[in-house]
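Engineer: Just dropping this structure here.
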Amino acid sequence: MSFIEKNLSANERIIYQGKIHWFIYFRGIFLIILGLLSYSAASAASIFIFMGVVVLLIAIMIGRSSEFAITNKKVMLKTGVFSRKLVELQLNKSEGLQVSQGILGRLFNFGTIKITSGGVVEKFAFLANPFEFKKQVNNAIEGSFAVGGSPVTV
């Protein structure tokens, strides 16, 4: 059971879950491959491989510890391995959700979402399919204003 599932309130259910994109692992894998290809300079190869393994392990920890969910009551975003950061945005008090994508993000369908609530801006990078996440947030917001406060799931 995930952290978000454990922390749902009464009558709250998850209607959509976002995921970290696989591209978060690219830098570590690239450094390891670069180290393997630079076999003529043994010290450079070992440095690249060591850096690649460290970067890859950090990316794995970030990927395993990040959760993004939209419930019928709020948006919940949790990150962190050693220290935890949880952002909960009540659907009825939402202010803004911004998606940004660079060229690689557009090619591989990942991006950064910025959530604004109460004047505070929170950023979450490498979210897979960020525009679908934004669409699901908007659907949940519209559904929260429906009769009974229960959004229509898609």
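Engineer: When you scan region 78-105, how many residues do you find that are among the basic types (K, R) and more than 16 Å from the chain's Cα centre (by Cα)?
Structural biologist: 1
Engineer: Could you say which residue among A69, A44 is surrounded by 12 or more Cβ atoms within 10 Å (Cβ to Cβ) and under 13 Å from the mean Cα position of the chain (by Cα)?
Structural biologist: So the residue among A69, A44 that is surrounded by 12 or more Cβ atoms within 10 Å (Cβ to Cβ) and under 13 Å from the mean Cα position of the chain (by Cα) is A69.
Engineer: Kindly indicate which of A45, A59, A10 is hydrophobic (A, V, I, L, M, F, W, C) and out of contact with any helix residue (DSSP H, G or I) (no Cβ under 8 Å at 6 or more places or on another chain).
Structural biologist: A10
Rundown of residues vs (1) at pLDDT below 95; (2) out of contact with any Ser or Thr (no Cβ under 6 Å at 6 or more places or on another chain); (3) on the phi > 0 side of the Ramachandran plot, yes/no style:
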position	(1), (2), (3)
G18	yes, yes, no
I33	yes, yes, no
L37	yes, yes, no
S66	yes, no, no
I70	yes, yes, no
T79	yes, no, no
K85	yes, no, no
G96	yes, no, no
F108	no, yes, no
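Engineer: Also, quick follow-up: Report, by residue number, each residue of region 1-22 that is in a strand (DSSP E or B) and under 19 Å from N138 (Cβ atoms).
Structural biologist: I14, I15, Y16, Q17, G18
Engineer: Can you give me the number of residues within region 50-66 that are hydrophobic (A, V, I, L, M, F, W, C) and within 11 Å of the chain's Cα centre (by Cα)?
Structural biologist: Total satisfying the criteria: 1.
Engineer: Another question, then. If you go through region 89-143 one residue at a time, how many are in a helix (DSSP H, G or I) and among the polar types (S, T, N, Q)?
Structural biologist: Qualifying residue count, region 89-143: 4.
Engineer: Pairs please, first residue from region 13-40 and assigned by TED's automatic domain parsing to the domain that holds F124 and touching a residue at least 60 places away in the same chain (Cβ under 8 Å), second anywhere and of a type in the set (D, E, K, R) and assigned to a helix (DSSP H, G or I), Cβ atoms under 6 Å, 6+ apart in sequence or on different chains.
Structural biologist: Hits for this filter: zero, empty list.
Engineer: Ok, one more. Pick from G111, G80: which is surrounded by 19 or more Cβ atoms within 10 Å (Cβ to Cβ) and within 24 Å of F26 (Cβ to Cβ)?
Structural biologist: Criteria check complete, one pass: G111.
Engineer: Looking only at region 1-59, how many residues end up being under 30 Å from T71 (Cβ atoms) and not aliphatic (A, V, I, L, M)?
Structural biologist: 17
The values are calculated or read from the model by the stated rules, or taken from the named source; none is laboratory data. Computed from a predicted structure; not experimentally measured. So basically every Cβ, Gly included, is an ideal-geometry build from the backbone, and we count neighbours across all protein chains shown.
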